[in-house]
Amino acid sequence: MSNASDTHVVVVGGGGTGAAILYDLVQRGFKATLFERGELTCGSTGRHHGLLHSGARYVVKDREVGRECMDEVRILTRIAPEAIEANRGIFVAFDEEELAFRETFEQACAEADIPAQWLTSEQVLAMEPRLNPGLLGGVMVPDGTLDAYRLPMHFFAGARKLGAVIRNFTRVESLVFEGRRIAGVTVHDLRTGADETVKCDLVINATGGWAGRLAAMADIELPITPAPGTMLAHQGRLVNNIIERLRPASDGDILVPQRGLSIIGSTQWQTDDPDDCTVPDADVEFLTKAAIEMVPDFKETAYHKAWAAVRPLAGASSTEEEGRELSRDFDVRDHAKLDNVEGMLSLTGGKATTLRAMGEKTVDVVCDLFDVDTPCRTASEPLPNYRHFFRQGVLV
Ligand SMILES: Cc1cc2nc3c(=O)[nH]c(=O)nc-3n(C[C@H](O)[C@H](O)[C@H](O)COP(=O)(O)OP(=O)(O)OC[C@H]3O[C@@H](n4cnc5c(N)ncnc54)[C@H](O)[C@@H]3O)c2cc1C
């Protein structure tokens, strides 16, 4: 068995996935350094709706993804309660076709152990009086609102406390090879302009929608589809629970109350350049209409902002239709086994809700590689508050 403290792991990408991996690594005794080219969480992590998925959205298509989300809701509510609002999600039937989907939906929830409770139209309207009064009922599930920034910062706070090195505004420019083995990274510090080589025993590619680019530095073609989507926020909190449409997941069917804002999402397209996330004008019109259908008062509220983020979908796809069929599950890819390149793992897929599970599965693979026998503890130990990240910064 190896000594984890002699093993240096470099994590590339300072989103939620990188944060959870970094924390799990140092908690199991590895030496770890994370590089993020911008501010922490500046990628998709800091820009999604903030919907803590119970899994109900995915469960009809994929029971396992549904079950995994529900497990993570239970865990995250325990270990990071300050990042989560204890509201609920209601999948509302606004027409007969959506009402007809109820049975399929409830059965899938039951099979994945997702608590689901039918509410009559009167009960839904008593909870959410601004919803379209023509609604026909809804199913309440344990979705929640999560703070897209605070949740990963809890993990960063924990990682830093345990000795992880976190270097933001530092871009990984290339991979350093010793034969077919990756033995380090070269980085460029965007604040000082300095270039540096950092040696390590393993690189973890947690760059989300950019993961294909890092893999390409090792001549690896990663099966990943960067799929951006638009979200639109209006001022005012029009609902207190997350409202979704009782139908197979589609565009413009999620309304999330996020502090004093109402966020409607989303859309989906595909891009070769994850840095190009310009919001199409048509998306704003489409999402506004979709929100008004669910909550007529949306048309009276002030526009706040429209923005986009990139989904790092696992799997290759050449058309948008194919992209929509890709699973929302995640994959930890060991390039030694798959591409004959040692020294790097890549993450594809997943969602903010499953960041901790992604960390656990990745570090399980790291432990196997280095013959380390330390079990994961992230599911049971409460995280330090996100504020500690900054307090540690002040004290250092
Ligand atoms: C429209 C939309 C809505 C969504 N809504 C939700 C939701 O409500 N709930 C949910 O659970 N999930 C949601 N998701 C999914 C979620 O946003 C992503 O799955 C998650 O944020 C991905 O996190 P990540 O850490 O893997 O990637 P990112 O947060 O994108 O992090 C990758 C990081 O890598 C950095 N990077 C890239 N290249 C380099 C380099 N060479 N050197 C250093 N750093 C580099 C980037 O700057 C970036 O910060 C949504 C996604 C979209 C598109």
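Numbers below:
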| read-out | value |
| --- | --- |
| Heavy-atom accessible surface of region 1-83: percent carbon and sulfur, 1.4 Å | 47 percent |
| Whole-percent carbon and sulfur share, accessible surface of region 171-265, 1.4 Å | 49 percent |
| Neighbour count of at most 11 Cβ within 10 Å plus DSSP loop: longest GluC sites (Glu not before Pro)-free window in the chain | 40-220 |
| Semi-axis lengths, Å, region 88-131, gyration tensor of Cα atoms, sqrt of 5 times eigenvalues | 20, 13, 7 |
| Principal axes of region 165-292: Cα extent on each, largest first, Å | 58, 31, 26 |
| Cα-based convex hull volume of region 270-396 per residue, rounded to whole Å³ | 232 Å³ |
| Relative packing of 335-341, 126-132, which averages over residues the other C-beta atoms within 10 Å, highest first | 126-132, 335-341 |
| Peptide ranges 19-28, 267-276 listed from the most packed, as the mean C-beta count within 10 angstrom indicates | 19-28, 267-276 |
| Whole-Hz couplings from phi, Karplus 6.51/-1.76/1.60, listed for region 297-312; x for Gly and Pro | 5, 4, 6, 8, 9, 7, 4, 10, 6, 10, 8, 9, 9, 10, 7, x |
| Where Rh is the Kirkwood radius over Cα pairs, Rg/Rh for the chain | 0.98 |
| Table column - 3J(HN,Hα) (Hz), region 199-214, Karplus curve with 6.51, -1.76, 1.60, x for Gly and Pro | 7, 7, 8, 7, 10, 10, 8, 10, 9, x, x, 9, 4, x, 6, 5 |
| Accessible area expressed per residue, the chain, with surrounding protein chains retained (probe 1.4 Å, Å²) | 42 Å² |
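The values are calculated or read from the model by the stated rules, or taken from the named source; none is laboratory data. Values in this document were obtained by computation on a predicted structure and should not be read as measured data. Virtual Cβ from ideal backbone geometry, glycine too; neighbours counted across all protein chains shown. Accessible surface areas use protein heavy atoms only, side chains included; no ligands, DNA or RNA. Shrake-Rupley method; radii C 1.70, N 1.55, O 1.52, S 1.80 Å.
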